[in-house]
Amino acid sequence: RNFTLTLWNTYSFFVTYAKLDNWTPDPSIKPEYSELDRWLLSYLNALIRDVTAALDNYDVTGATRPLENFVNQLSTWYLRRSRRRFWKSDADADKHAAYATLYKALVMVSKLLSPTMPFLADEIYQNLVRSVEPEAPASVHLTDWPGYDETLIDEKLNTEMALTMKLASLGHAARNKANRKVRQPLAEIAFSVSNGFEREVVAKYADILADELNVKQVRVMDATGEAVSFALNPLPKQLGQKYGKLFPAIRSAILETPVDDAARNLLAGSSIQIEVDGQVYDLLPEEIEVRAQAKSGYAVASEGAYLAALVTDLSPALVREGLAREIVRRIQDLRKQMDFDISDRIEISYAASSGLDEAVTDYRDYIMGETLAVVMAKAEGGPDWFQDSFDGETIAMKLTKK
């Protein structure tokens with residue numbers, strides 16, 4: 001059910017905006033693909049390769065799980081990171097590339113899905129392909145099985161984007177620990193990674209990470225000690241069974257070991273060495289618990305060798321920007337409740353408490369741009385106005401279609 005809903009919502013998003021922009025595939029136009037587009041096409045061709053190999057070996061799970069993963073990342077990563085490309089009013093080359101990439105992915109998914117979900121696959125095919133290519137085969141089940149282009153598979157790019165998604169996930173986990181909503185901008189997030197290649201990935205995709213995590217700055221951490229303190233806890237059950245009466249001496253040696261380096265090795269899945277009475281022992285990650293404690297002003301999340309440290313302190317300017325984003329969300333919800341079309345221009349009348357009023361003053365252009373408002377003006381509230389309160393502030397609004 002989750003897979004079907006995710007795929008259908010992604011397909012519906014494409015259809016809605018393609019109709020709005022009167023976009024249809026045009027083979028004569030060569031798209032100017034972004035890095036994100038090239039990643040998705042690389043991932044798509046690798047998917048075709050893997051699903052084909054699985055079906056050739058009668059491996060149903062191997063032919064369907066990769067499709068599930070692809071559709072999930074198509075929706076939660078590619079589409080979310082590309083939404084503004086579809087929303088913007090200019091029909092430029094970047095917008096065409098986003099449409100072309102998403103179209104190609106959805107058509108290919110319908111073909112790869114056709115053996116296992118035949119009716120859903122053909123429904124998507126009929127609307128995306130047959131509606132614009134009457135000469136195309138009458139059904140997805142009458143098309144040739146797709147081939148893949150090895151030259152489009154960029155394993156380095158796939159690895160870079162996989163790491164970027166992992167770091168973004170850690171950033172969201174740190175936000176959850178700090179109880180900071182995604183709409184609240186924050187000053188900075190710093191990442192601790194394993195090597196020089198991964199440091200380059202953080203720098204290369206800093207803009208994507210900043211946008212995804214709603215922070216002003218992304219950087220690589222100079223040392224984990226600036227945001228987190230580690231402690232090593234030798235586990236008596238594991239070490240006691242293994243070393244018997246040597247355990248007290250081994251425990252003491254562990255506690256005297258330089259904490260930061262040992263913790264990083266253990267979190268990365270490597271063993272550490274300690275010396276007791278001239279004898280060197282290899283201690284495994286499962287024999288020592290690493291405890292991480294975030295320092296004041298930070299929220300920290302870690303997985304293996306990776307760590308994300310989020311600065312949680314809020315300046316007045318960040319608070320106002322967060323309030324402006326909350327206003328945008330409520331206006332968008334109100335647009336849906338009033339059954340406005342996504343392209344409808346509106347006029348906003350509002351009455352707000354002082355904090356929200358300051359946020360509107362500072363971010364009026366942003367709010368109007370996000371909500372397709374042509375007018376946003378203060379007014380006296382009425383009984384039929386939408387009322388809401390959040391973060392200790394109150395607002396009343398009325399939307400009028402222009």
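The values are calculated or read from the model by the stated rules, or taken from the named source; none is laboratory data. In this text, all values refer to a predicted model and were calculated from it rather than measured experimentally. All Cβ positions, even for glycine, are placed from backbone atoms using ideal geometry, and neighbour counts span all protein chains on display. Areas reflect the complete protein model, heavy atoms only, side chains present, ligands, DNA and RNA absent. Shrake-Rupley method; radii C 1.70, N 1.55, O 1.52, S 1.80 Å.
For the range 52-140, trypsin sites (Lys or Arg not before Pro) meeting the loop criterion (DSSP other than H, G, I, E, B) and having at most 14 other Cβ atoms within 10 Å: K88.
All other residues with a Cβ under 11 Å from the Cβ of V276 taken together, and with Lys, Arg as +1 and Asp, Glu as -1, what is their net charge? Walk me through the numbers before you get to the answer.
Values: positive: R251; negative: E256, E275, D277.
Around V276, the charge tally is -2.
Taken as entire DSSP H runs, the helices of the chain that both span 15 Å or more between Cα atoms along their own long axis and average 0.0 or more on the Kyte-Doolittle scale are 2-21, 35-56, 93-113. Altogether, the Stokes-Einstein calculation at 4 °C and 1.567 mPa s, with the Kirkwood radius of the range 266-361 over Cα pairs as Rh, returns a diffusion coefficient of 69 µm²/s.
Between the range 343-402 and the range 163-195, what is the separation of their alpha carbon centroids in Å? A separation of 30 Å, based on Cα centres.
One Cα centroid belongs to the range 221-264, the other to the range 2-62; the line between them spans 47 Å. Spacing of the modelled spin labels on K181 and T4, each 7 Å from Cα toward Cβ, amounts to 3.3 nm. Find the percent of Cα-Cα distances in the range 47-161 that exceed 19 Å, and round it to a whole number. Beyond 19 Å sits 54 percent of the P(r) for the range 47-161.
Picking from A190, A136, A162, which is most flexible by a Gaussian network model of the chain using Cα springs under 10 Å? Largest GNM mean-square fluctuation: A136.
Compare the Cα positions of I254, F3, T371 along the charge dipole of the chain (+1 at Cβ of Lys, Arg; -1 at Cβ of Asp, Glu; about the Cα centre) and return the one farthest towards the positive end. After comparing all options, I get T371. Let me make sure I get this right: for the range 1-51, a, b and c are the square roots of the gyration tensor eigenvalues over alpha carbons, sorted descending. Under 1.5 in a/c it's rounded, otherwise prolate if a/b > b/c, else oblate. Which is it? The shape class here is oblate.
For L318 and S389, the FRET efficiency from 1/(1 + (r/R0)^6), where r spans their Cβ atoms and R0 equals 25 Å, is about 0.75. For K237, the lysines whose Cα falls under 27 Å of its own Cα, not counting residues fewer than eight places away in the same chain, are K245.
Compared with the direct C-alpha span, the chain from V374 to K245 gains 38.6 nm at full extension, assuming 0.36 nm per residue.
Here the mean projected area of the convex hull built on the C-alpha positions of the chain is 26.2 nm².
For E160, E133, give me the order by solvent-accessible area with a 1.4 Å probe, most accessible first, ignoring ligands, DNA and RNA.
E133, E160
Enumerate by residue number the trypsin sites (Lys or Arg not before Pro) in the range 139-187 meeting two conditions: DSSP loop (anything except H, G, I, E, B), and at most 16 other Cβ atoms within 10 Å of the site's Cβ. Sparse-neighbourhood loop trypsin sites (Lys or Arg not before Pro): K181, R183.
When you restrict to C-alpha pairs under 8 Å that are six or more residues apart and normalise by the size of the chain, the relative contact order lands at 12 percent. For K378, a cut-off of 23 angstrom between C-alpha atoms picks up these lysines, skipping any fewer than 8 places away in its own chain: K336, K398, K401, K402. Applying a DSSP loop filter and a limit of 15 other Cβ atoms within 10 Å to the trypsin sites (Lys or Arg not before Pro) in the range 327-358 leaves R345.
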